[in-house]
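K.L.:
Attaching a single structure in structure tokens format; questions to follow.
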Amino acid sequence: MRLRFRIMSQGEPPKKKVDFYKVLGVPRGAGQEQIKSAYKRLALQCHPDKANGDPELMQQFQEVSAAYTVLMDPTKRKQYDMMGEAAVEMEALDMEQMTFGTTLVAALFSKLGAPIPTAIPQRTLDDATDTGARQNARAIVWGQSMECSIPKNGAQFYRGEVTGEVAERGVRVMAHSPAGSKFKVLWFDQAGTLEASDESVPGAYGRGGSMSCTHLCSFRAMHLDAAPQQGFRVSDEDDCPPIFRRLETLAASRHSPLREGNLLVAIQGDNFFRDVKVTVTFSLLDPSLKDKVTGSEEALAARRDELCQLEREYWDARQKYERVAAKVAAVTESVDDELLERDALYAEMAGDGLLISGVRDAKQRAADARARAKAKAEAKAERRR
């Protein structure tokens, strides 16, 4: 895809800016259950069957459906939170078709932490199905590390035999770039058809740079997306406790359980300008820890469900607190005004000009402080849009 810049023609109305969270009436930190509940309620209210041709209701239903689709998808939601609607409509970039200028723009945004999706080159997909190209892939040696330098937009294939013993044990594929290069790990089936792809993420637990670590087990393991980068974010999540997002993407692994046959993997370079230098290690797993791993993941799945319920309770309590806090603020203003008015009346009764002037100034200072607080709150709300 090429980066496109659209110039609005004269007289063309600007596109309506839609806040998906406001459309559903949920806070930015809302969990999936809260989003689902809001969607069901609103969809029933403005469903086309009840709209009777009302264009406003039909438009509302489209916005509600679009908001639900984006906010229920962790990847799309992450992109929306960072870049707004533009990120949702963004297609994967075909780097083979990009000019130097568009590549430079994309690289700058990516450097800031913006999620810039890139397409897998058709050449790589064709090579995966080509028998000759597959035969030229580097042979996997279990337990050994292999270094490779991948040219821009190129790929390095690896192939190996998965025996019954290897399938029973399971394998770990670790790709690490000390320089922090961006790359994808592509997984293919026996016929060379793409099954899944994993993006590199920032290194962790003592490994700098960037990495991708995948466990192919004989059982259905679970997968957890890496936490989003904080460098490029359009809005916050209303001070939502981060723990509510930690397990939100925990789900069954997108990789099928490991079986006997051939394993075909490719490292796809994803840098915009530089070659990618990666060290790839194919390791066999210790099967004696299978029960502990499955037990740990079952406990995390239960904890994820617990957090969903806890998040609902949190937002209910927070909304109640905010309603009470608003009442307290309103009553505080009223009491302050009433006390000033009382002092003003006593000053007038006594004919004390100095006190009358002082009370008048106090009233003006209070009004100015409220105006500043209101402007600050409105500016904060505007930033969150």
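K.L.:
Could you list Arg246, Arg372 so that the one with the fewest beta carbons within 10 Å of its beta carbon is first and the one with the most is last?
P.N.:
The fewest-first ordering by Cβ neighbours comes to Arg372, Arg246.
K.L.:
Dipole of the stretch 122-299, Cα-centred, from +1 at each Lys and Arg C-beta and -1 at each Asp and Glu C-beta, to the nearest 20 debye?
P.N.:
Computed charge dipole of the stretch 122-299: roughly 500 debye.
K.L.:
Ok, one more. Would you work out if the stretch 298-341 is rounded, prolate or oblate? Take a ≥ b ≥ c from the square roots of the eigenvalues of the alpha-carbon gyration tensor; rounded if a/c is under 1.5, else prolate when a/b is larger than b/c, oblate otherwise.
P.N.:
prolate
K.L.:
Here's something else I'd like to know. Return the long-range amide H neighbours of Phe183 (sequence gap of 5 or more, or a different chain), with a cut-off of under 5 Å between placed amide H atoms.
P.N.:
So Phe183 has HN proximity to Ser200, Asp270.
K.L.:
Suppose each label sits 7 Å from its Cα in the direction of the beta carbon; what would the Trp142-Glu195 distance come out to in nanometres?
P.N.:
Result: 1.7 nm between the two label points.
K.L.:
Hull surface divided by four, with the convex hull built on the Cα atoms of the stretch 309-384: how many nm²?
P.N.:
Mean shadow area of the hull around the Cα atoms is 6.1 nm².
K.L.:
Continuing with this model, one more query. So which of Lys50/Lys76; Lys152/Lys277; Lys76/Lys152; Lys36/Lys380; Lys76/Lys277; Lys76/Lys380 end up more than 19 Å apart, counting from Cα to Cα?
P.N.:
As for pairs spanning more than 19 Å Cα to Cα, those are Lys50/Lys76; Lys76/Lys152; Lys36/Lys380; Lys76/Lys277; Lys76/Lys380.
K.L.:
Next question, about the same structure. Would you order Lys182, Lys363, Lys380 from fewest to most other beta-carbon atoms within 10 Å of each residue's own beta-carbon?
P.N.:
Lys380, Lys363, Lys182
K.L.:
Another question about this same structure. Let me check I've understood the local charge: for Glu199, count other residues with C-beta under 10 angstrom from its C-beta, Lys and Arg +1, Asp and Glu -1. What total comes out?
P.N.:
-1
K.L.:
Which net charge results for the neighbourhood of Trp142, defined as the other residues with beta-carbon distances under 14 angstrom from its beta-carbon, given Lys and Arg at +1 and Asp and Glu at -1?
P.N.:
Counting the neighbours of Trp142, the net charge comes to 0.
K.L.:
Quick check on the exposure proxy: order Cys217, Cys240 from fewest to most C-beta atoms within 10 angstrom.
P.N.:
Fewest-to-most Cβ neighbours within 10 Å comes out as Cys240, Cys217.
K.L.:
Continuing with the same structure: Which shape class, rounded, prolate or oblate, goes with the stretch 260-344 when its Cα gyration tensor gives a ≥ b ≥ c as root eigenvalues, a/c under 1.5 marks rounded, and past that a/b bigger than b/c marks prolate?
P.N.:
oblate
K.L.:
Let me ask you something else. May I ask you to derive the FRET efficiency for Gln62 and Ala377 from their Cβ-Cβ distance with R0 = 35 Å, giving the value to the nearest 0.05?
P.N.:
Once rounded, the FRET efficiency stands at 0.70.
K.L.:
Please report the orientation-averaged projected area of the stretch 122-299, defined via the convex hull of its C-alpha atoms, in nm².
P.N.:
11.7 nm²
K.L.:
Show the residues, 5+ positions off or on another chain, whose built amide H is closer than 5 Å to the amide H of Met222.
P.N.:
Ser253
Computed from the coordinates by the stated procedures, all read-outs in this text should not be read as laboratory data. Since this is a predicted model, take the numbers as computed values, not measurements. With ideal geometry, Cβ positions are generated from the backbone for all residues, glycine too; neighbour counts draw on all protein chains shown.
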